[in-house]
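The values are calculated or read from the model by the stated rules, or taken from the named source; none is laboratory data. It should be emphasised that the depicted structure is a prediction, and the values quoted were computed from it without experimental measurement. Glycine gets a Cβ as well: all are built from the backbone with ideal geometry, and neighbour counts include every protein chain shown.
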């Protein structure tokens, strides 16, 4: 029977495998915005590190009106990692015309996203000026499926 690794184990494993460090978030919490030697003062000069999910997944999608007050978002979640992913959750953030978040929804992709492969999704969401999609949850499949 396949096993699913916990998100904490995945973060630790991926950080070790990819040479990344998760301590940056802890440093930023204690940063002094007025201190140019703090990590926050340096953040403007260096681009932010990609999140774990940005390093493991990417999304291609399109939105179109469905009916009054509703839109359809269709696309693919790509798994760039060497293990199949299941329980993949997408967070859809609805944005107003100024780009500010006005709401969020979380949708689970029903298919397993194969290693170095993709899975199709189709979501119904409230109509909005724009959207932002993120992978916010997943589990890697350990072993072989029968």
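With respect to residue 122, is the statement that it is modelled with pLDDT of 95 or more, surrounded by 14 or more Cβ atoms within 10 Å (Cβ to Cβ) and touching a strand residue (DSSP E or B) at 6+ places or on another chain (Cβ under 6 Å) true?
Considered against the rule, which asks whether it is modelled with pLDDT of 95 or more, surrounded by 14 or more Cβ atoms within 10 Å (Cβ to Cβ) and touching a strand residue (DSSP E or B) at 6+ places or on another chain (Cβ under 6 Å), residue 122 comes out as no.
Being surrounded by 13 or more Cβ atoms within 10 Å (Cβ to Cβ), out of contact with any helix residue (DSSP H, G or I) (no Cβ under 9 Å at 6 or more places or on another chain) and without any contact (Cβ under 8 Å) to a residue 24 or more places away in the chain narrows it down to one of 112, 93, 104, so name that one.
104
Go through (1) modelled with pLDDT under 95; (2) within 16 Å of residue 75 (Cα to Cα) and name the single condition residue 142 misses.
With (1) modelled with pLDDT under 95; (2) within 16 Å of residue 75 (Cα to Cα) applied to residue 142, the lone miss is (2).
Quick test for you: out of 86, 122, pick the one residue that is in contact (Cβ under 8 Å) with a residue 60 or more places away in the chain and more than 15 Å from residue 55 (Cα to Cα).
Going through 86, 122 in turn, the sole match is 86.
Does at least one position in region 77-84 carry a residue that is under 29 Å from residue 117 (Cβ atoms), exposed (fewer than 15 other Cβ atoms within 10 Å of the Cβ) and out of contact with any strand residue (DSSP E or B) (no Cβ under 7 Å at 6 or more places or on another chain)?
yes
For region 102-109, indicate whether the set of residues that are touching a strand residue (DSSP E or B) at 6+ places or on another chain (Cβ under 9 Å) and assigned to a loop (DSSP other than H, G, I, E, B) is non-empty.
Within region 102-109, one or more residues are touching a strand residue (DSSP E or B) at 6+ places or on another chain (Cβ under 9 Å) and assigned to a loop (DSSP other than H, G, I, E, B).
Only residues that are in a strand (DSSP E or B) and either over 18 Å from the mean Cα position of the chain (by Cα) or surrounded by 10 or more Cβ atoms within 10 Å (Cβ to Cβ) (or both): list them for region 49-69, please.
Within region 49-69, 57, 58, 59, 60, 61, 63, 64, 65, 66, 67 meet the criteria.
Among the listed residues 117, 137, identify the single one that is more than 14 Å from residue 74 (Cα to Cα), touching a helix residue (DSSP H, G or I) at 6+ places or on another chain (Cβ under 8 Å) and surrounded by fewer than 18 Cβ atoms within 10 Å (Cβ to Cβ).
137 is the lone residue from the list that is more than 14 Å from residue 74 (Cα to Cα), touching a helix residue (DSSP H, G or I) at 6+ places or on another chain (Cβ under 8 Å) and surrounded by fewer than 18 Cβ atoms within 10 Å (Cβ to Cβ).
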